[in-house]
1. Calculate the dipole size of the stretch 2-285 relative to its Cα centre from +1 charges on Lys and Arg beta carbons and -1 charges on Asp and Glu beta carbons; express the result in debye to the nearest 20.
2. Give me the percent relative contact order of the chain, please, defined on Cα pairs under 8 angstrom at least 6 residues apart.
3. Mind giving me the nanometre distance, one decimal, between the label points for residue 102 and residue 180, set 7 Å out from Cα along Cα→Cβ?
4. Rounded to the nearest whole Å³, what is the per residue volume of the convex hull around the Cα atoms of the chain?
5. For the stretch 130-220, state which trypsin sites (Lys or Arg not before Pro) are in a DSSP loop and have at most 15 other beta carbons lying within 10 Å of their beta carbon.
6. So which GluC sites (Glu not before Pro) in the stretch 179-286 are both in a DSSP loop and have at most 16 other Cβ atoms within 10 Å of their Cβ?
7. Taking K and R as +1 and D and E as -1, what net charge do the other residues with C-beta under 15 Å from the C-beta of residue 32 add up to?
8. So which trypsin sites (Lys or Arg not before Pro) in the stretch 5-111 end up in coil per DSSP with only 12 or fewer other C-beta atoms within 10 Å?
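FYI, it's all coordinate maths here, none of it is from the lab. These numbers were taken from a predicted model, which means no experiment stands behind them. Counting neighbours? That spans all protein chains shown, and the Cβs are built from the backbone with ideal geometry, glycine included.
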Amino acid sequence: MLLASLSFAVMGGFAKVVSEVLPPVEVTFFRNVFGVALVGFAIYKSPLKQIGGKPLLLLFRGTMGFMALLAYFYIIAYIPLGEAVTYNKTSPIFVAIFAYMFLNEKLNRWGVLAIGLGFVGILFIAQPTGGSFDKYDMLGIFSGIGAALAYTSIRELRQYYDTRAIVMSFMGVGTLAPLILMLLTPYVTPPEALDFMFAKFVMPEGIIWLYVVMMGIFATASQILMTKAYELTKAGIVGTISYSNIVFALIIGVALGDSIPNFWTFFGITLVISSGLLVALSKDKS
């Protein structure tokens, strides 16, 4: 899981550099196309073994995962990498809420405390001026919410679908949707709140091609390593160690030129990490 977290942070570093040249919707496309090829080959070699019967939920999982990733790739071009990853790692907080709302999972006092700490941490990271969040903070929070909705749907989907089909739903939508959005760009005028979803295709040149390939390789490696980690030991342990990717992202972000977080931002990041650990703890106690 440590290697998976490091791979995810390195992927974010390459994505941050690439995002200076390519629009986020195109970065999302390149992030997923490698995974489609890999998972597609795996399915070809060993056919899916599943019951099926929940196509709309499968599409929902893929769409939420895609939207969360698109928001993440957009904000990393404008805010420090460590903060962007922290927003994305708020997903366990929202998973606890959605699992309580939709899956009837119990939420004990530790879980409630974790959710409260997480929201306080988000406030310290965003530090809203005038009582309102800016666009990047809103999309950062959405990246956590979208990921949480995707993860929550997996709990239901895994009863009906092969794991590879669930992964393909995310990567497939994450490959096709950006292509469609880029094709529609000349014909639409999106509102400012949704402008990050539309952009013309920009052909990568020179060293950018290498960065794009490396981004895809490290993203795929992170997925494989994380899946293996969950196979080998308890989910609570793996989930706890996964927060190391915030530390890796902070280091990589500073190396790429990000400013070092101020005290209150760092305090907020610490609260989000603590809330994630408490969520895992509350599940163990349950």
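1. Its charge dipole is roughly 1020 debye.
2. 44 percent
3. Using points 7 Å along Cα→Cβ, the separation is 1.9 nm.
4. Once divided by residue count, the hull of the chain is 137 Å³.
5. Counting only loop positions with at most 15 other Cβ atoms within 10 Å, the trypsin sites (Lys or Arg not before Pro) in the stretch 130-220 are 158, 200.
6. 205
7. Neighbour charge sum, excluding residue 32 itself: +2.
8. Qualifying residues, ordered by number: 49, 106.
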